[in-house]
Every structure is written in structure tokens, then in C-alpha cells.
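Worksheet: one structure, shown below.
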Amino acid sequence: MIYKHTRAQILAETPTMLNMQLFVVFTTPIPGNEHLLDEVTPAHLDHQVRLEREGIMLAAGPFWTEDGQHHLGEGMFIMRADSVEQVRAICDADPMHASGARSYRIRPWMMNEGGMTIRVSFSDQRAQIL
């Protein structure tokens, strides 16, 4: 039997949880185009920082090999958006995707559990995520 619940069922089962609709983007190098990765990385990072400043990008970063020592060009982004179509337009504008260096896959995701502690020190104007 396949486990399958509707969005309405999940929301009904988790009424006190966050239920924040987000979108996760998995991005993967396109075989044969790996040479483009280094070339477009600066423009890609500028794009990511702009999305962060606009409040669209919640989190982003590279995946490492299991030993934690190497990046093979794969990454993941978590975005705030109203629709998959909006996320697709954002991804299409990313230099990594526009150049053909990477392809991407979008998955709508509901954030329910988790937590974060942020420490702000006024004396040196520092913030830390703990």
C-alpha cells in the first residue's frame, strides 16, 4: 500500500505546528558541462545573495561527499514563494541554470518541526546561530 495523504489531511493532523509552505530546490551538474561551474560561480553567488536580501532565500548551500571533503557541484536551496512557477522563474534566472551548468528539481515542502536559537551581542554588533 502506498502512503498518500492530501495537503488538507496533513494540515488537519498538524494544526499546532508551523505549517510553513516552502520550496526546496535540488541542483545537479549537467554531465559534460562541469567546466562551466567555476566560470558561473561568482554570478551564481551574487544571484543567491540578492535572493537572500530580498527575503526569498531561506537557506542555500553545497552538498559534500560523504567524507565531507569535496563538493561535486550539487546544492540545495530553500525558498519562500507563492508557487512552483515562481520558483521555476527564479531558478531559470540563476546563472548556474541559465548557462546549462546545472539542472534543478523543485519540491514543495512544508516546514513543521525544528528550531533555531539566535544570539545577538549588542556590544560588538554580532549575531550567531547556535
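The values are calculated or read from the model by the stated rules, or taken from the named source; none is laboratory data. The structure presented is a predicted model; accordingly, all values stated were derived computationally and were not measured. Counting neighbours? That spans all protein chains shown, and the Cβs are built from the backbone with ideal geometry, glycine included.
Taking residue 66 as the residue in question, decide whether it is out of contact with any helix residue (DSSP H, G or I) (no Cβ under 7 Å at 6 or more places or on another chain) and surrounded by fewer than 12 Cβ atoms within 10 Å (Cβ to Cβ). Explain how you work it out, then say what you get.
Details: out of contact with any helix residue (DSSP H, G or I) (no Cβ under 7 Å at 6 or more places or on another chain): yes; surrounded by fewer than 12 Cβ atoms within 10 Å (Cβ to Cβ): yes.
So residue 66 fits the description; yes.
In the stretch 105-130, the residues that are touching a residue at least 60 places away in the same chain (Cβ under 8 Å) reach residues that are of a type in the set (Phe, Trp, Tyr) with C-beta atoms within less than 9 angstrom, at least six apart or across chains, in these pairs: 105/26; 106/23; 106/26; 107/23; 107/26; 108/23; 109/23.
Is there a residue being at pLDDT 95 or above and under 26 Å from residue 14 (Cα atoms) anywhere in the stretch 94-103? Show your work before the answer.
Within the stretch 94-103, the subset at pLDDT 95 or above is 94-103.
Pick out the ones that are also under 26 Å from residue 14 (Cα atoms) and you get none.
Looking through the stretch 94-103, none of the residues is at pLDDT 95 or above and under 26 Å from residue 14 (Cα atoms).
Scanning the stretch 69-78 for residues that are under 13 Å from residue 27 (Cβ atoms) and over 14 Å from the mean Cα position of the chain (by Cα), which turns out surrounded by the most Cβ atoms within 10 Å (Cβ to Cβ)?
Looking at residues that are under 13 Å from residue 27 (Cβ atoms) and over 14 Å from the mean Cα position of the chain (by Cα), I get 73.
Restricting the stretch 71-85 to residues that are assigned to a strand (DSSP E or B) and among the small types (Gly, Ala, Ser), the residue that is modelled with the lowest pLDDT is 73. From the list 55, 32, 100, 68, the lone residue that is in contact (Cβ under 8 Å) with a residue 60 or more places away in the chain and part of a loop (DSSP other than H, G, I, E, B) is 100.
Are any residues in the stretch 79-97 within 21 Å of residue 40 (Cβ to Cβ) and either in contact (Cβ under 8 Å) with a residue 24 or more places away in the chain or exposed (fewer than 14 other Cβ atoms within 10 Å of the Cβ) (or both), and if so, which ones?
As a first pass, look at the stretch 79-97 and keep what is within 21 Å of residue 40 (Cβ to Cβ): 79, 87-97.
79, 87, 89, 90, 91, 92, 93, 94, 95, 96, 97, listed by residue number.
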